[in-house]
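Undergrad: Mind having a look at this structure? Questions to follow.
The values are calculated or read from the model by the stated rules, or taken from the named source; none is laboratory data. Since this is a predicted model, take the numbers as computed values, not measurements. No Cβ is skipped: glycine too gets one built from the backbone with ideal geometry, and neighbour counts run over all protein chains shown.
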Amino acid sequence: MMKRALPCLSGLAFVSVAAFEPGAAHASSPLAAPAESLAGGRVVYEQHCAACHGLTGDGNGPASVWLYPRPRNFSAGQFKIKSTPGVDLPSDDDLHQSIIRGLPGSSMPSFSHLSEKERSDVVQYVKFLTARTDASGRRVNLFDEAAASGQLAQPVIVPPEPAAGVEELALGRQIYQKMQCNLCHGETGAGDGPQVPTLKDAAGLPVRPRDFNTGLFRGGHTGRDLYLRIHNGLPGTPMVPYGDDVLKPAERWALVHYVQSLRRTDVAVNDLLAPEDNAIHVRHVASLPSEPMDAAWESLDPVRVPLNPLWPEPNQVYAVAVSAVTDGNKLAVLLQWRDELPHNTTIRVQDFQDAAALQFSLSGRYGFLGMGDAQNPVNLWQWKAGWQMEAGGDLPEMRDAYQAMHVDTYFQPERQFATATSAGNILAQPHKSPIEDANARGFGSFTSQPLAQQNVAGKGLWHAGFWNVVFIRDLKSNDQDDVQFAAGKSVPVAFAVWNGEQGDRNGRKMVSNWYQLVLD
């Protein structure tokens, strides 16, 4: 039986919660933001954040079951990535940086596509949601409470970063051993220390220490970022702070540089991935390349789009390279990503296929990243490696997966009996195209277009450790559910990649944030 890639998320219907109305009752609070800022922040939060963090900020949004690490519970007041010490609340700039940079290596993408005002407003709304309920049942905002008591912390002052020499790296290694960093992060920094099986976060969930060799640093990879992580710790996790009462600044810098020295050089470039103008420009060409290995693609400079896993990935695809061209009539988009071993059959229930998808906003606005929303539907083009194999005429059989098995002879001796295919299941029929054209209005609403409207062509080819997949469609389409392209018009687009080798399917995948596909 063939397995369909079900949607990773389902639709949302947000409702106002009276107890959380940002209004006049809070106007006298020390940190009260203008009502219009909170109102604007709530709009942004409910569209882009509540699916994961929950409508009230408790970290239990409908998408949270798909995500690990779990989304932050704002009401607990435990913010990991910040410049303030210990368990103190973060600064506005800390929250803003988390929004604009995201948390690499987690399901929290960059929201650099939001406007400065939208980001500033949602910072204020996140602070508004950071509250607890006291013994009398009264809602107490943690930021207001800290401000009223004069306990709002100031950011830690990070001294200038010294040069990393041999002696300093030797000192850093000594401190690494002295502070017993190896018990969690391992002797070589691979995140495989002897205490790993016992580590849990504040919610009692298992937590893995950072793999310094290959794992992404979620709070940033610069020296200053790591200095703050060591000084402040990560509240809510076993990573305790090593403040001035434990380490001197010079020792802390030595430890930072030693940790950076453990980085594998072949993955260090992934730390540098960052969006610039969020634009993928479509080059005009005289002849459209229809093959993924066409030499014409070599003349283009692709955009490397960072990807975030929705679930811990042992072999994460850190980025996908995107190139796009048009001949004035058609659009061709090439995706390239590293995959050491192709997976293109799903005969066995334990097997899953490699796949990739483009998501276009039909409204022209940045809707909810997880399959759009009711006001911002999306058009999805998904390529599947298994479908590519079938489209090439190589239909896999059960005997291919189990070559030594013995079965009885059925009335159809020319092939072993496939129940889904024989029952007429459209998804189990041999596919003539490796690409599915579909739509969604929020997770749980994924709908494949009728066969007559499947107008996206393409092809995928695995070569030398990379998948190369090209998508092709006319710029204009008569289908009202299709995205339309025109010169001078930009279209919001996002990307997703599934690695079948590690069991990716449905919501277990890697996704980008929104970009703009621009036809210059």
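Undergrad: What residue, among those in region 71-118 that are farther than 18 Å from PHE217 by Cβ and within 13 Å of the chain's Cα centre (by Cα), is surrounded by the fewest Cβ atoms within 10 Å (Cβ to Cβ)?
TA: My answer is PHE111.
Undergrad: Could you figure out which of (1) touching a residue at least 12 places away in the same chain (Cβ under 8 Å); (2) out of contact with any Lys or Arg (no Cβ under 7 Å at 6 or more places or on another chain); (3) not small (Gly, Ala, Ser) isn't true of GLN429?
TA: (1) is the only condition that GLN429 fails.
Undergrad: Please enumerate the residues belonging to region 320-364 that are small (Gly, Ala, Ser), assigned to a strand (DSSP E or B) and either over 30 Å from GLU397 (Cβ atoms) or not assigned by TED's automatic domain parsing to the domain that holds MET389 (or both).
TA: Answer for region 320-364, where residues must be small (Gly, Ala, Ser), assigned to a strand (DSSP E or B) and either over 30 Å from GLU397 (Cβ atoms) or not assigned by TED's automatic domain parsing to the domain that holds MET389 (or both): ALA321, SER323, ALA324, ALA332, SER361.
Undergrad: Taking only region 476-520 into account, find how many residues are crowded, with 19+ Cβ neighbours inside 10 Å and in a loop (DSSP other than H, G, I, E, B).
TA: Counting residues in region 476-520 that are crowded, with 19+ Cβ neighbours inside 10 Å and in a loop (DSSP other than H, G, I, E, B) gives 10.
Undergrad: Is it the case that region 400-414 has a residue that's under 33 Å from the mean Cα position of the chain (by Cα) and modelled with pLDDT under 95?
TA: Yes; the residues of region 400-414 include at least one that is under 33 Å from the mean Cα position of the chain (by Cα) and modelled with pLDDT under 95.
Undergrad: Next question. Could you identify the single residue in TRP467, TRP462 that is within 22 Å of the chain's Cα centre (by Cα), hydrophobic (A, V, I, L, M, F, W, C) and not assigned by TED's automatic domain parsing to the domain that holds PRO109?
TA: Going through TRP467, TRP462 in turn, just one is within 22 Å of the chain's Cα centre (by Cα), hydrophobic (A, V, I, L, M, F, W, C) and not assigned by TED's automatic domain parsing to the domain that holds PRO109: TRP467.
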